[in-house]
Amino acid sequence: MNLPYQFLIALRYLKSKKKRRGLSFSVLISICGVAVGVMALVVVLSVMSGFHEDLQKKILGVNSHVIVLNYKGFIENYQEISAKLKSEQNIVSDSPFVMGQVMVSYGKKAHGVFLRGIEPSLEAKTTEVLKYLKEPPIEDLNTQRELPWIIIGRELSFILGVLPGDVVNVISPVGEIGPLGMLPKARPFRVVAIFEVGMFEYDTNLVLTDLRAAQTFFNISKGVTGISLRLDDIYKASEVRDKISKKLTFPFYAKDWTQMNRNLFAALKLEKFAMFIILTLIILVASFNIVSTLMMNVMEKQKEIAILKSIGATNRSIMLIFILQGLVIGIIGTTFGIIGGYALGSLIDSYEIIKLPADVYYLSKLPVKMKMLDFIIVATSAIFISFISTIYPSYQASRLQPVELLRYE
């Protein structure tokens with residue numbers, strides 16, 4: 001296969017003038033600039049994708065895909081509502097829950113949390129929160145006992161200094177009416193297990209207990225706060241939500257996981273786009289090296305350009321030579337950048353080199369998720385910027401007049 005002469009000349013112009021040397025120093029600098037920019041962009045986008053996926057996985061592990069609520073604040077006939085929902089497509093399972101804000105105290109320490117009452121057998125089919133238990137509960141969750149059971153997060157256990165088997169007090173600010181008016185309600189609960197989601201928000205601010213114990217504590221008789229639904233496809237949550245809202249009508253309504261976490265995921269999406277724009281500037285700066293390299297080549301190769309034109313090379317061919325030269329620099333730099341970015345991302349993911357403060361970033365380690373689409377977008381952008389940077393030097397080379405250049409030779 002015979003390559004076009006323009007390509008062969010472009011490759012030759014990339015080499016150093018000195019014998020037995022490889023690429024010229026200016027070409028190597030240009031390639032390194034593009035490679036560093038591409039590598040940085042690939043790693044950052046992979047980290048942002050990892051943040052998004054890891055947060056989504058943990059949020060959906062603790063929470064359901066869709067919840068059904070009532071504007072009154074609780075649902076009395078939740079068994080009837082559950083029966084109606086079973087006929088809906090895409091719904092795999094459902095479970096009732098009771099949710100309220102309380103304070104958990106142990107000794108002289110206390111912390112505000114959300115108390116969620118669940119039916120363990122149904123909750124296990126709807127969410128994965130019980131899979132995060134560090135070890136099996138010290139008591140059977142399905143048997144009656146003197147004190148109701150409670151499961152707390154790992155971070156909360158550190159804050160309170162609580163271990164499985166200890167008894168904590170759960171205090172509700174909306175309590176009981178006494179001789180002196182409204183008094184806080186306090187009940188003892190026995191800690192039977194500790195869970196660790198790996199997300200500081202849940203490990204600190206969520207506790208689980210038996211559904212009937214929560215109903216008694218919040219004085220809602222046999223009612224529940226809402227019904228959790230698990231779907232066969234999380235991305236059909238908005239569609240299922242709309243169907244449920246229409247079917248149950250007022251005062252019932254449904255919320256899906258995208259609504260409940262809209263601000264968080266919207267912020268992550270915007271941040272990823274912003275980082276893409278900012279780090280693309282690194283590649284743009286590297287493209288100036290390509291421009292300067294090509295301009296120096298044009299100045300050095302004026303005699304060769306004049307000879308090529310005198311033997312029949314057209315302006316378009318001269319322009320193509322330098323465009324190909326810049327594209328080769330861009331493609332080589334992009335290739336090394338993609339390889340380096342993949343290697344660095346794999347290293348960070350495998351060895352957890354970077355640790356994060358969980359109370360700030362919600363996560364304890366730097367997550368990495370390398371997506372083919374991100375790699376394609378970065379590579380395409382880098383090569384496109386490299387191509388744009390070749391246009392002006394190539395155009396200047398094509399305008400050189402051989403008569404003027406060879407007049408004094």
Does Ile339 qualify as being outside any helix (DSSP H, G or I), without any contact (Cβ under 8 Å) to a residue 40 or more places away in the chain, exposed (fewer than 15 other Cβ atoms within 10 Å of the Cβ) and assigned by TED's automatic domain parsing to the domain that holds Lys15? no
Could you check Val27 against (1) at pLDDT 85 or above; (2) surrounded by 20 or more Cβ atoms within 10 Å (Cβ to Cβ); (3) of a type in the set (Val, Ile, Thr); (4) part of a helix (DSSP H, G or I) and say which number it fails? (1)
Does at least one position in region 216-229 carry a residue that is in the same structural domain as Gln101 (by TED's automatic domain parsing) and part of a helix (DSSP H, G or I)? yes
Of (1) surrounded by fewer than 16 Cβ atoms within 10 Å (Cβ to Cβ); (2) modelled with pLDDT of 85 or more; (3) of a type in the set (A, V, I, L, M), Ile353 satisfies all except one. Which? (2)
Picking from Val298, Val328, which residue would you name as being surrounded by 13 or more Cβ atoms within 10 Å (Cβ to Cβ), within 30 Å of Val27 (Cα to Cα) and modelled with pLDDT of 85 or more? Val328
For the structure I just gave you, tell me whether Val170 is buried (at least 20 other Cβ atoms within 10 Å of the Cβ), closer than 30 Å to Ser82 by Cβ, touching a Lys or Arg at 6+ places or on another chain (Cβ under 9 Å) and not basic (Lys, Arg). yes
Filter region 147-159 down to residues that are farther than 22 Å from Ile118 by Cα and touching a Ser or Thr at 6+ places or on another chain (Cβ under 8 Å), then give me how many there are. 1
Take the residues in region 116-139 that are of a type in the set (Val, Ile, Thr) and out of contact with any helix residue (DSSP H, G or I) (no Cβ under 9 Å at 6 or more places or on another chain), then tell me which one is surrounded by the most Cβ atoms within 10 Å (Cβ to Cβ). Thr126
Across region 87-109, which residue is surrounded by the fewest Cβ atoms within 10 Å (Cβ to Cβ) among those that are more than 18 Å from Arg241 (Cα to Cα) and either free of Cβ contacts under 8 Å to residues at least 60 places away in the same chain or among the polar types (S, T, N, Q) (or both)? Lys108
So, in region 239-257, how many residues would count as being touching a helix residue (DSSP H, G or I) at 6+ places or on another chain (Cβ under 9 Å) and either surrounded by 15 or more Cβ atoms within 10 Å (Cβ to Cβ) or part of a strand (DSSP E or B) (or both)? 9
Suppose we keep only residues that are of a type in the set (Val, Ile, Thr) and under 30 Å from Ala40 (Cα atoms) within region 283-316. Which one would you say is nearest to the chain's Cα centre (by Cα)? Ile283
Looking at Gly73, is it surrounded by fewer than 18 Cβ atoms within 10 Å (Cβ to Cβ), among the small types (Gly, Ala, Ser), touching a residue at least 40 places away in the same chain (Cβ under 8 Å) and not in a strand (DSSP E or B)? yes
Among residues of region 103-135 being among the basic types (Lys, Arg) and more than 15 Å from Asn63 (Cβ to Cβ), the residue farthest from the chain's Cα centre (by Cα) is Lys108
Starting from region 259-285, take each residue that is in a helix (DSSP H, G or I) and list its partners that are among the charged types (D, E, K, R) and surrounded by 12 or more Cβ atoms within 10 Å (Cβ to Cβ), counting only C-beta distances under 8 angstrom and pairs at least six apart or across chains. Gln259/Arg241
Residues in region 356-383 that are aromatic (Phe, Trp, Tyr), within 30 Å of Leu156 (Cα to Cα) and either modelled with pLDDT of 70 or more or not in a helix (DSSP H, G or I) (or both) total 1
Thr293 fails exactly one of the following numbered conditions: (1) crowded, with 22+ Cβ neighbours inside 10 Å; (2) not assigned by TED's automatic domain parsing to the domain that holds Leu41. What is the number of that condition? (2)
Checking the conditions here, which among Val113, Val47, Val42 is in contact with a Phe, Trp or Tyr (Cβ under 8 Å, 6 or more places away or on another chain) and surrounded by 18 or more Cβ atoms within 10 Å (Cβ to Cβ)? Val42
Answer yes or no as to whether Val44 is part of a helix (DSSP H, G or I) and within 28 Å of Ala266 (Cβ to Cβ). yes
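Per-residue answers, yes or no, for (1) closer than 22 Å to Gln6 by Cα; (2) of a type outside the set (Gly, Ala, Ser):
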{"site": "Phe276", "(1), (2)": "no, yes"}
{"site": "Leu284", "(1), (2)": "no, yes"}
{"site": "Met295", "(1), (2)": "yes, yes"}
{"site": "Glu304", "(1), (2)": "yes, yes"}
{"site": "Asn315", "(1), (2)": "yes, yes"}
{"site": "Val328", "(1), (2)": "yes, yes"}
{"site": "Gly333", "(1), (2)": "yes, no"}
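The values are calculated or read from the model by the stated rules, or taken from the named source; none is laboratory data. Since the model is a prediction, treat every value here as computed from it, not as a measurement. Note that we place each Cβ from the backbone using ideal geometry, even for glycine, and neighbour counts take in every protein chain shown.
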